[in-house]
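Notes follow once the structure below has been shown.
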Amino acid sequence: VKAEEWGTFLHCKGQVFADFAEIRSEIEKETERSSGDNKGISPEPIHLKIFSPKVLNLTLVDLPGITKVPVGDQPEDIEAQVYEMIQSFISNPNSLILAVSPANSDLATSEALKLARDVDPEGRRTLLVVSKLDLMDAGTDALEVLLGRVIPVRLGIIGVVNRSQHDINTQKSLEDSLRGEQAFLQRHYPSLAARCGSRYLARTLSRLLMHHIRDCLPELKSRVTALSGQYQARLSGYGQPVEDHSATLLQIVTKFASDYCNTIDGTPRYIQTTELCGGARICYIFHETFGRTLQSIEPLGGLTELDILTAIRNATGPRPALFVPEISFELLVKRQIKRLEEPSLRCVELVHEELQRIIQHCSSYSTQELLRFPKLHDSIVEVVTALLRKRLPVTNEMVHHLVAIELAYINTKHPDFSDAAQVSASVNSQQAEGLDGGKRWKNDRAVEERAPSSGFGSPSKGQAINLLDTALPPSRRLTTREQRDCEVIQRLIKSYFLIVRKSIQDSVPKAVMHFLVNFVKERLQSELVGQLYKQTLMHQLLVESADTAQQRDEVAHMLEALQKANNIISEIRETHLW
């Protein structure tokens, strides 16, 4: 049979105390555990809940009095610690302040009233309790104080008579103490007896609390509603205990694949505001990072006039050339086009890294159910990573082929290669001018023959002859024809290189999207299902973490309490107020 009155402690979960002597003893034990047995203090509260038909619905916080001089194990800054502890509770605008001051001391020096007025200067939530009415000097009383003529208090002043230390030592019951208090008030304060005493104080506190709750109702309701939404979201995140493993696994895998693809497409459930991610970052890689890198590659970068002239001579073989050999243009332009391969492969690598980052993004923000199943989470990450790793060499090979295709055939008839015809016409015109001005060419050759030059002049006596000396020293000035030939090749290389660079800048992103990004999007779900949807793996993958079930229960209980609080708040306006 359940007792009429009982109590429970928060630190003793599941234990019920039906004997109030045991409750008193447990309070002493817990106080010694947290504060020691020599008057120490601790900010850690002791939570006690009393169930009784004789008490009203109240939450009472019993705070310590201000200690000026430390005693026992109390620290040197005991006054500051107690002051800070009291302030942390009474500064809450939703709390009522019960300022207790003894009747046998000057009310003007009351520390309790001073602290209350610091946080409640208008006195809207402060009630004064005058204790120890039975300990006043002979011939004096507290009538003027109780009537509010000494210091007025907005919510009122109530006098009480508590049990003395002798009553506590002799274990005087609370019922006897309340009867003795009422008898004392009838004898000494008959006109105020009905508005004093512990019972009247309890009713007044309950009434004030109801009025205060009603005044704070809009804010309280908003806070309770907000908290209910937060805890409902947390409870939904924990999910229900797994009953159908097949359906649960398929649902989580499908949701992850959907979130992954939506992040790439730019339609995720949670939009990042701190940095680019997913499809937006892939777009940035294509058009900003990769595009700027290609634009920074100069068509003639790393190619000197000496390189061009050497290539022209190598292309003519043993016969002096009358015209610029076309093969020299092809050799040199292929060398420049080859430089586009490295940034193209780097573009593939950056997109691959971003696809890896999307896995963590979906795990952390989009698919919260994965947090319940660590093994399933790790398995999904492993499968997606393996799929990306498998597609990376295929994409790299395709990009390599794109550059190789450009190198395989130099299309001088390309519709955008208009410079080729202009250069050809210019060369023919200059050749014609050369026939008419043959004397000038001869003069140039004569100047060359007379000019002393190492590598072309006759060796001095006693100097060894090296037939492999550089045919064209960098220090020698170019002839008019050599200068013209260099300009022709440079114009052709620049024109054709820009055509190829434009083509590579367009084709590489397309290849990456087709062979890597879209391939992964299209096959992600089927790959996950094929690798994970197996009867032998389901029970292993859907094992919850150790604390998930406990947290789910705690959140469910808190949500139930908030729903009850919300119902109570909704009914307050219909509650009878004394």
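The values are calculated or read from the model by the stated rules, or taken from the named source; none is laboratory data. Given the structure is predicted, the values throughout are model-derived calculations rather than measurements. When we count neighbours, we look across all protein chains shown, and the Cβ atoms used for this are built from the backbone with ideal geometry, even at glycine. With ligands, DNA and RNA removed, areas are computed over all heavy atoms of the protein, side chains included. Shrake-Rupley method; radii C 1.70, N 1.55, O 1.52, S 1.80 Å.
Annotation: A546 fulfils all but one of (1) modelled with pLDDT under 75; (2) over 30 Å from D244 (Cα atoms); the unmet one is (2).
Filter the range 1-33 for residues that are over 40 Å from the mean Cα position of the chain (by Cα) and acidic (D, E) and give the result. Those that are over 40 Å from the mean Cα position of the chain (by Cα) and acidic (D, E): E4, E5, D19, E22, E26, E28, E32. Taking every residue in the range 359-370 that is closer than 11 Å to D259 by Cα and pairing it with any residue that is at pLDDT 70 or above and not in a helix (DSSP H, G or I), at least 6 positions away or on another chain, the pairs with Cβ-Cβ distances below 6 Å are H361/C277; S366/R269. Summed over the range 493-510, residues that are within 17 Å of L402 (Cβ to Cβ) and either touching a strand residue (DSSP E or B) at 6+ places or on another chain (Cβ under 9 Å) or open to solvent by less than 10 Å² (accessible area, probe 1.4 Å) (or both) total 5. Only strands (runs of 3 or more DSSP E) whose full extent lies in the range 55-174 are considered here, and none of them has at least 3 residues that are farther than 25 Å from S34 by Cα and modelled with pLDDT under 85. Within the range 544-555, being surrounded by 14 or more Cβ atoms within 10 Å (Cβ to Cβ) and of a type in the set (A, V, I, L, M) holds for one residue alone: V555. Working only within the range 520-536, note down all residues that are without any contact (Cβ under 8 Å) to a residue 40 or more places away in the chain and either open to solvent by less than 90 Å² (accessible area, probe 1.4 Å) or not in a helix (DSSP H, G or I) (or both). Residues satisfying the conditions are S526, G530, K534. Look at the range 347-358: where a residue is open to solvent by less than 10 Å² (accessible area, probe 1.4 Å) and modelled with pLDDT under 95 and a partner is among the small types (G, A, S) and outside any helix (DSSP H, G or I), sitting 6+ places away or on another chain with Cβ atoms under 8 Å, you get E354/G278; I358/G278. Here is the figure for the range 280-313: residues that are in a helix (DSSP H, G or I), β-branched (V, I, T) and at pLDDT below 90 total 3. The set of residues from the range 1-54 being among the β-branched types (V, I, T) and either part of a helix (DSSP H, G or I) or free of Cβ contacts under 8 Å to residues at least 40 places away in the same chain (or both) comprises V1, V16, I23, I27, T31, I46.
Residues that are more than 30 Å from A18 (Cβ to Cβ) and loosely packed, with under 15 Cβ neighbours inside 10 Å within the range 49-69 comprise G65, I66, K68, V69, listed in sequence order.
Filtering L185, L201 for residues that are part of a helix (DSSP H, G or I) and within 27 Å of C216 (Cβ to Cβ) leaves a single hit, L201. Could you grab me the full set of residues in the range 220-278 that are among the hydroxyl-bearing types (S, T, Y) and under 30 Å from H352 (Cβ atoms)? Scanning the range 220-278 gives T254, S258, Y260, T263, T267, Y270, T273, T274. Per the conditions (1) over 22 Å from the mean Cα position of the chain (by Cα); (2) charged (D, E, K, R); (3) surrounded by 13 or more Cβ atoms within 10 Å (Cβ to Cβ); (4) under 26 Å from L541 (Cβ atoms), the sole criterion not satisfied by D307 is (4). Could you grab me the full set of residues in the range 177-195 that are open to solvent by less than 80 Å² (accessible area, probe 1.4 Å) and out of contact with any helix residue (DSSP H, G or I) (no Cβ under 9 Å at 6 or more places or on another chain)? Hit for the range 177-195 is A183, nothing else. The single condition among (1) surrounded by 14 or more Cβ atoms within 10 Å (Cβ to Cβ); (2) out of contact with any Asp or Glu (no Cβ under 8 Å at 6 or more places or on another chain); (3) without any contact (Cβ under 8 Å) to a residue 40 or more places away in the chain that L146 does not meet is (3).
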